[in-house]
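Below is one structure, written out as C-alpha cells, with a few remarks after it.
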Ligand SMILES: O=C(O)C(=O)C[C@]1(C(=O)O)C=C[C@@H](O)C=C1
C-alpha cells in the first residue's frame with residue numbers, strides 16, 4: 001500500500017499547523033491500511049475553506065495557473081553518495097608519507113597488488129558536493145541500453161548510472177530491493193495515451209512519485225549496415241513506438257512485430273543479422289548496436305512527447321517554496337453526480353487538475369447498485385487517478401482532500417508529490 005507520507009516525517013518536521021492537523025487526521029488510517037470512510041449525512045464544509053455545501057461557488061482557476069515551470073529533482077529524495085566500489089572490504093589507504101606510513105604502505109602492498117582498486121574513502125569535497133545533478137544516483141529503467149526510458153533517466157539525473165531492467169515490474173522491484181535509488185517509467189504519451197500497466201503497478205508497489213520528466217521522442221528506422229529501405233519486409237519495435245509511426249509503416253506496407261522496448265528491437269536485428277528486418281528505435285540505439293539509420297523522424301506527430309515518472313522509496317516532503325504537483329488515487333461512494341462533486345472539491349479551491357485517469361478495480365470489477373425502478377444493476381467500479389497542481393503544504397490542498405475524503409470517496413491514497421516538470 002502506498003502511504004501519504006511517513007507520519008513521523010511530516011508530523012515531526014513540519015511547522016505548518018494546518019499540515020500537522022492534516023497529517024494527524026490521516027495518520028490513524030495510514031498504518032498499513034487504506035482509508036475507508038463513508039458519511040451518509042451531508043457535512044458542513046465551513047472548516048474546509050468553503051461555505052454552504054461547498055458546491056455553490058465556481059471561479060476560474062486560470063489566475064492561479066503556474067506559468068513558469070522549472071523541473072528540479074527534489075534533493076530530499078536523493079540518496080547519499082555511495083562508494084565507488086563498495087563490495088570490496090574496507091582497508092585504510094591513507095598511509096602515504098613518513099617512515100611509519102611508508103612501512104605500513106609496503107606491508108599492505110604484500111596483500112594488495114593494486115591499491116587503486118581499493119575503495120576510496122569519502123573526502124570533505126565528496127560530502128559537501130550536492131548530488132542535485134544526479135551524480136552517483138543509480139536509476140533503473142525498463143528496456144535495453146539506448147531505450148527512450150534511459151534517455152529520460154539522463155534527462156532527470158544527467159550524471160546518473162542507468163540500470164536496464166527486463167520489465168516494468170522488475171524496474172519497480174529494483175528500487176524496492178535497494179538495488180537502485182530510483183526508477184524512471186513511462187506513464188503517458190501524447191499520441192498513445194496512458195501506459196495503463198504502470199498505473200496499475202503504482203498501486204501494487206510501495207514506491208512514491210518524486211518527479212517527472214517529459215521527453216521528445218524522435219524515432220528512426222534502423223537496419224543492418226548497407227541494407228536499403230526497400231529491402232525491409234518487417235519492422236520490430238515497442239507497440240507504442242509502432243503506433244506512433246503508423247503512417248510511415250502503412251506506406252512501407254511492412255509487417256509489424258512487438259518487442260519489449262525499442263532498443264531491444266535494434267539489438268535483435270543486429271544480433272540475429274536480420275537483413276529484411278528494420279527496428280524503430282532511437283539514433284543512439286543505432287550507434288550502440290552498429291545499425292544504419294534508414295529513415296529519420298518517422299513518427300506521425302512531430303511533437304511526440306512521452307511523460308515519465310520518477311519513483312523512489314521515500315516520498316518528498318511537500319513545501320510551498322515552488323509549485324508542486326500531487327498525485328492521488330481514489331474510489332467513489334455511490335450516488336448521483338458523485339464524480340462531478342468529487343472533482344468540484346478542487347475547482348472550489350481553484351486547484352487545477354492536470355491529469356485524470358480511470359482504471360477498473362480489478363479485485364472487484366462490478367458493483368451492485370440498488371435501482372428502485374429496475375431492481376439492482378451492475379456497474380463497473382473504477383479507481384480514479386488524479387494529479388493536481390498544489391502542494392500538500394498548502395491549506396487549500398489539505399482542505400480539498402479532507403472534503404473529498406469526508407464526502408465522496410471510499411478509499412483514498414497518495415501516490416506522490418512532485419515539483420512541476422520543465
Ligand atoms: O521502448 C522504449 O524505448 C521505451 O522507453 C518505452 C516507450 C514506452 O513505453 O512508451 C517509451 C517511449 C516511447 O514512447 C516508446 C516506448
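Which ranges mark the helices (runs of 4 or more DSSP H) fully within segment 231-314 that have 3 or more residues being more than 14 Å from the ligand (Cβ to nearest atom)?
In segment 231-314, 246-252, 262-272 are the helices (runs of 4 or more DSSP H) which contain 3 or more residues that are more than 14 Å from the ligand (Cβ to nearest atom).
For residue 344, all conditions in the list (1) crowded, with 16+ Cβ neighbours inside 10 Å; (2) without any contact (Cβ under 8 Å) to a residue 60 or more places away in the chain hold save one; what is the number of the exception?
It fails just one condition, (2).
Residue by residue through segment 173-187, note down the ones that are more than 10 Å from the chain's Cα centre (by Cα) and either crowded, with 22+ Cβ neighbours inside 10 Å or assigned to a helix (DSSP H, G or I) (or both).
173, 174, 175, 176, 180, 181, listed by residue number.
Just to be sure, is residue 150 over 10 Å from residue 308 (Cα atoms), within 10 Å of the ligand (Cβ to nearest atom) and assigned to a helix (DSSP H, G or I)?
Considered against the rule, which asks whether it is over 10 Å from residue 308 (Cα atoms), within 10 Å of the ligand (Cβ to nearest atom) and assigned to a helix (DSSP H, G or I), residue 150 comes out as yes.
Can you tell which of 323, 360, 395 is surrounded by 15 or more Cβ atoms within 10 Å (Cβ to Cβ), modelled with pLDDT of 85 or more and under 30 Å from residue 183 (Cα atoms)?
323
Could you count how many residues in segment 209-229 are away from the ligand (no atom under 16 Å from the Cβ) and either within 19 Å of residue 171 (Cβ to Cβ) or at pLDDT 95 or above (or both)?
Selection size over segment 209-229: 9.
Would you point out the residue of segment 153-176, among those that are touching a helix residue (DSSP H, G or I) at 6+ places or on another chain (Cβ under 9 Å) and within 14 Å of residue 213 (Cβ to Cβ), that is farthest from the ligand (Cβ to nearest atom)?
158
Here is a list: 201, 224, 179. Which entry is without any contact (Cβ under 8 Å) to a residue 40 or more places away in the chain and either in contact with a helix residue (DSSP H, G or I) (Cβ under 9 Å, 6 or more places away or on another chain) or not assigned by TED's automatic domain parsing to the domain that holds residue 278 (or both)?
None of the others qualify; the one that does is 201.
Of all residues being within 17 Å of residue 406 (Cβ to Cβ) and at pLDDT 85 or above in segment 328-339, which is surrounded by the fewest Cβ atoms within 10 Å (Cβ to Cβ)? Just the residue, please.
The residue in question is 337.
Answer yes or no as to whether residue 317 is touching a helix residue (DSSP H, G or I) at 6+ places or on another chain (Cβ under 8 Å), within 30 Å of residue 181 (Cβ to Cβ) and more than 13 Å from the ligand (Cβ to nearest atom).
Spelling it out, residue 317 is indeed touching a helix residue (DSSP H, G or I) at 6+ places or on another chain (Cβ under 8 Å), within 30 Å of residue 181 (Cβ to Cβ) and more than 13 Å from the ligand (Cβ to nearest atom).
The values are calculated or read from the model by the stated rules, or taken from the named source; none is laboratory data. This one's a predicted model, so the numbers in the text were calculated from it and none came from an experiment. Neighbour counts are summed over all protein chains in view; Cβ atoms, including those assigned to glycine, are modelled from backbone coordinates with ideal geometry.
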